[in-house]
Amino acid sequence: MIAALATSRRRVYSLAADRERGSVALYTVAVMMGLVAMAGLVVDGGNGIAARERAADLAQQAARAGADALSPASLHTGTPDQLSASPAAATAAAERVLAADRRVHGIVSVDGNSVTVHVTVHEKTAIMSAVGLNEISGSATSTATALHGTTTAGGD
């Protein structure tokens, strides 16, 4: 009787062990998928932030270059209030700055003495491409104004 009881106990433990077989592997797969997703957010999210910063930097540089392309006629007027950017020269100067990087798409607009540049930078993803997100982008807009001497936009 004791031998039969011991045998049935072993059989019950064996069946319980069989039901749980592979549960650690399933748990490991779920944890690894979570870790890869977190790594993707960190790495590719950082690339997205860097793309946004790169777009802001390029937009500022291009806007300043465009604002520096002053119209020759406005330079000879003698009054700082009448300074204006040459639309063609300002657009060309800003586009030269943007043309240095092929991952950049920019739009330049000139209004009097102000040059506004909107830039979008595209970056490829490193980890998130495994789930179909192949590209991440950042965009920024910057405006520069042609000023005379030490005059600032606030008039100080």
Using a 1.4 Å probe on the protein heavy atoms only, what accessible surface does Glu95 show? Give it in Å² to the nearest 10. 100
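On average, how much accessible surface per residue is there in the range 95-144, in Å², for a 1.4 Å probe, leaving out ligands, DNA and RNA?
Each residue of the range 95-144 exposes 60 Å² on average to a 1.4 Å probe.
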In this structure, the FRET efficiency calculated for Met32 and Leu133 from their beta-carbon separation, with R0 = 22 Å, to the nearest 0.05, is 0.70
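The values are calculated or read from the model by the stated rules, or taken from the named source; none is laboratory data. From a predicted model like this one, the values you see are computed outputs, not experimental measurements. Using ideal geometry, Cβ is built from the backbone for each residue, glycine included, and neighbour counts are taken over all protein chains shown. All accessible areas refer to the heavy atoms of the entire protein, side chains included, with ligands and DNA or RNA removed. Shrake-Rupley method; radii C 1.70, N 1.55, O 1.52, S 1.80 Å.
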